[in-house]
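Each remark here refers to the structure printed beneath this line.
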Amino acid sequence: MKKWVFMIGAGLLSINCFCQNVALKSNVLFDATTTINLGLEYALSDRLTLDIGVNYNPWKFPHKVIDASGKVDESASYDGKFKHFMVQPELRWWLCEKFNRHFFGLHAHYLNYNIGGLSFLPDGWGDHHNDGIQNKRFEGWGGGTGVSYGYHWLLSSRFSLEFTLGVGYTYLKFSKYDCAKCTPVISKSVMHYLGPTKAGITAVFMLQ
């Protein structure tokens, strides 16, 4: 009997120790773009953690074209898209202690995307000479790496806010389509991007 009590107690202690080193997270900036996202951060040591974020956006944004008679032109109308899937793991080094105050990170990222026809964007934004994401559709994949800085603000023993900003490199390979009919392929291109690769205002829940 004592043996079983000891084993159960040891098991509960190990679960408790595991949970004290794990955080569940959601990036408010991605929430604002209707992107479903979930993060998990796990402590590797007193100052080292591994953060893994996953983002997914499956939604369509219908764009209806009105003809001269005031009716919807079904042949010209199309669905705007911000569809994408991205995973972004990051290794973090904390200046003080894990899940508290300042940290620096080294991250990688991979994404698949199908984006275009976002007519609700302001005129001229991302649409130079009618060749951007307002009037064209871009479908492809990308991957890269970057560095980041962040601050973890403790609100209570379980709840926190995290602010993060990162820069780096992304390799993008994509096909470009006309939005109205989405076929045929207009061109295929490769892009090398240098700039912001990570941004977050993140709600954090510590498992305890």
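The values are calculated or read from the model by the stated rules, or taken from the named source; none is laboratory data. On a predicted model such as this, the values are computed, not experimentally measured, just so you know. Cβ placement follows ideal geometry from the backbone for every residue including glycine, while neighbour counts extend to all protein chains displayed. Areas reflect the complete protein model, heavy atoms only, side chains present, ligands, DNA and RNA absent. Shrake-Rupley method; radii C 1.70, N 1.55, O 1.52, S 1.80 Å.
Values for this structure:
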quantity: Residue, modelled with the lowest pLDDT, within segment 88-99, restricted to residues that are part of a strand (DSSP E or B) and open to solvent by 40 Å² or more (accessible area, probe 1.4 Å); calculated: Glu97
quantity: Qualifying residue in segment 159-177 (condition: in contact with a Leu (Cβ under 7 Å, 6 or more places away or on another chain), closer than 18 Å to Ala23 by Cα and not charged (D, E, K, R)); calculated: yes
